[in-house]
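Read through the structure below, which is laid out as structure tokens, and then see the notes.
Just so it is clear, none of the values below were taken in a lab; they were calculated from the coordinates. Because the structure is predicted, anything quoted here is derived from the model rather than measured. Neighbour counts run over all protein chains shown; Cβ positions are idealised from the backbone, glycine included.
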Amino acid sequence: MFAQKDRVGTAALFLVFGDIAKYLMAALIMISTFGCNNGLILAGSRLFQSMAKDGLFFKKAATLNKFNVPSNAMIFQGIWASLLCLSGSYGDLLDYCTFSSLIFYIITITGLFVLRKKMPDADRPYKAFGYPVIPALYIILTTLICVDLLVYKTFNCGMGLLIIALGVPVYFMFKRSKNASSEA
């Protein structure tokens, strides 16, 4: 009756559908994964396109097709998303992607405080709700979640940090290439 191996959803479905529950849950997870990949590919390709425009990614990624879509960037992002899906179990992938995303969310929200300190008189067309309490609370809680993930899911968080770390030399490689082409 009780869920084993963190499969609470499957255990709940088992009570309703019986033995077919594991197949039903597998189908639901596949649909969810394909939907997630769809969003990652569409949004990520635009990120690659912008990076390519700035000279920080492969130039072909900035090229738009006849429908004004960065198809090369979409192909690259599709390959990357597929590799991530094949890299381990769904739970492992979720752990290291979640941890990595939270790191960048913390950095982004911290940027609110930095910009308000460095540029206090700058025009702010967008107001941060509940500033400074809500953003500070968000940073604290998100940091606690990251610490919890590091303690209990150390390997997966390490994989997420490895992916982030691999991006650093790639960034400097493209930046150096951009600087060399602008000096020529």
- [ ] Binning at 10 Å from 0, report for the chain what percent of all alpha-carbon pair distances ends up in each bin.
- [x] 8, 22, 29, 27, 10, 3, 0
Task: the stretch 88-184 - Debye-derived log10 I(q)/I(0), Cα point model, q = 0.16 Å⁻¹ - done: -0.86
Task: Karplus-derived HN-Hα couplings along the stretch 108-125 (A = 6.51, B = -1.76, C = 1.60, θ = phi - 60°), whole Hz, x at Gly and Pro - done: 5, 5, 4, x, 4, 5, 5, 5, 5, 6, 6, 10, x, 9, 5, 5, 10, x
Task: Percent of C-alpha pairs per 5 Å bin, the stretch 1-86, short to long - done: 3, 15, 17, 14, 11, 9, 8, 7, 8, 6, 2, 0
Task: Modelled FRET efficiency - R0 45 Å, A122 with A12, Cβ distances, 0.05 increments - done: 0.35
Task: Label zone at R176, where the point sits 7 Å out along the Cα-to-Cβ direction: the stretch 36-58 residues whose backbone N lies under 19 Å - done: 55-58
Open item on the list: Students often check this: by mean Cβ neighbours within 10 Å, which of 113-119, 136-142, 73-79 ranks highest, and how do the rest follow?
Closed with: 73-79, 136-142, 113-119
- [ ] Evaluate E = 1/(1 + (r/R0)^6) for Y105 and D19, where r is the Cβ-Cβ distance and R0 equals 35 Å; express this FRET efficiency to the nearest 0.05.
- [x] 0.30
TODO: Hand me the chymotrypsin sites (Phe, Trp or Tyr not before Pro) from the stretch 1-74 located in a DSSP loop with no more than 10 other Cβ atoms within 10 Å, in residue order please.
DONE: F2, F67
TODO: Largest first and in whole Å, give the semi-axes of the stretch 64-106's equivalent ellipsoid, each being the square root of 5 times a Cα gyration tensor eigenvalue.
DONE: 27, 15, 6
